[in-house]
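Throughout, read-outs are computed from the coordinates displayed, never taken from laboratory work. This one's a predicted model, so the numbers in the text were calculated from it and none came from an experiment. Every residue, glycine among them, receives a Cβ derived from its backbone with ideal geometry; neighbour counts consider all protein chains shown.
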Ligand code: HPA
């Protein structure tokens with residue numbers, strides 16, 4: 001457990017030391033993936049490395065000696081956490097090879113590297129959604145790059161609609177599990193080096209991280225629900241009939257993101273913590289029509305709590 005008042009600047013890599021070895025570098029680790037497992041066919045690496053490699057190389061250079069250990073994906077309106085990063089280095093997507101620009105209001109389009117609670121982190125402020133027309137591989141790209149940079153823990157946040165009748169919105173919800181209704185999977189196609197063909201998804205959201213999040217919420221007086229997130233393609237919000245269907249399927253929240261990132265992270269053996277900001281009651285559960293502006297507003301209302309929760313979790317990881 002990390003003590004309060006510990007180092008405030010993020011840990012940095014010593015140049016040329018053993019920890020500066022590139023994870024997944026074919027020269028350093030022939031035929032083994034980021035998890036240290038042997039891959040069946042080294043030619044697979046060559047066939048898929050090019051789209052990821054320039055991004056990884058660029059970021060390694062920009063991060064210099066910083067070695068982030070945790071990546072945090074910020075959902076709609078949750079960009080505030082990025083402002084509190086110490087020794088922050090802000091890298092606009094337009095400068096990053098392979099990254100498209102973020103197009104959704106409330107998504108900044110920045111990678112922010114630096115420290116949170118003394119932990120070296122990389123924040124993705126602005127994610128890519130399938131509904132923007134991006135390929136699943138583009139949506140998965142940041143996570144693949146995080147893994148190649150040696151990051152083993154991914155925290156994903158999102159805004160979502162609430163389905164469980166007892167939710168008092170707005171509220172935070174720990175994602176215990178998800179249902180992929182995007183009808184897409186970022187792992188389709190050739191196996192990417194460092195990933196498994198058939199990753200186990202029996203615990204997509206890490207049990208230990210969830211326990212930490214619950215403990216932090218309890219000690220900080222943050223209401224934290226827990227439930228199943230349904231990921232839909234969007235961009236139209238759901239119909240009331242679809243929401244009734246999702247309730248029958250066992251979903252507690254619904255949104256248009258997160259699932260591709262989690263699947264990719266699990267294929268890399270990364271552990272994932274997912275937190276939804278439940279910004280609204282889902283369609284048909286209240287008399288109000290849904291709007292992105294309202295989602296953003298509610299998400300900003302929850303931002304303080306979410307930041308405290310994420311900070312608290314990161315502190316425990318130290
Ligand atoms: N549905 C889908 N995505 C969302 C919602 C919703 O009700 N609220 C915020 N993101």
Notebook entry, point to check: Please report, for the Cα atoms of the stretch 201-298, the Rg to one decimal and the Dmax as a whole number; what are they, in angstrom?
Noted result: 14.9, 43
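Order these by the 10 Å Cβ neighbour count, fewest first: 214, 69. Mind dumping the intermediate values first?
Values: 214 15, 69 18.
Ordered from fewest to most neighbouring Cβ atoms within 10 Å, 214, 69 come out as 214, 69.
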Notebook entry, point to check: What base-10 log of the normalised intensity I(q)/I(0) is obtained for the stretch 62-169 from the Debye formula, alpha carbons as equal point scatterers, at q = 0.10, 0.18 Å⁻¹?
Noted result: -0.29, -0.88
Next item on the list: Could you line up 202, 236, 125 from fewest to most neighbouring Cβ atoms inside 10 Å?
Entry: 202, 236, 125
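Between residue 89 and residue 286, how high is the FRET efficiency from 1/(1 + (r/R0)^6) when r is the Cβ-Cβ distance and R₀ = 45 Å? Nearest 0.05.
Values: r = 42 Å, r/R0 = 0.93.
Approximately 0.60, to the nearest 0.05.
For the stretch 52-317, report the translational diffusion coefficient in µm²/s to the nearest whole number, using Stokes-Einstein at 25 °C, 0.890 mPa s, and a Kirkwood Rh over Cα pairs.
Numbers: Rh = 18.3 Å.
Taking Rh from Cα pairs, D becomes 134 µm²/s.
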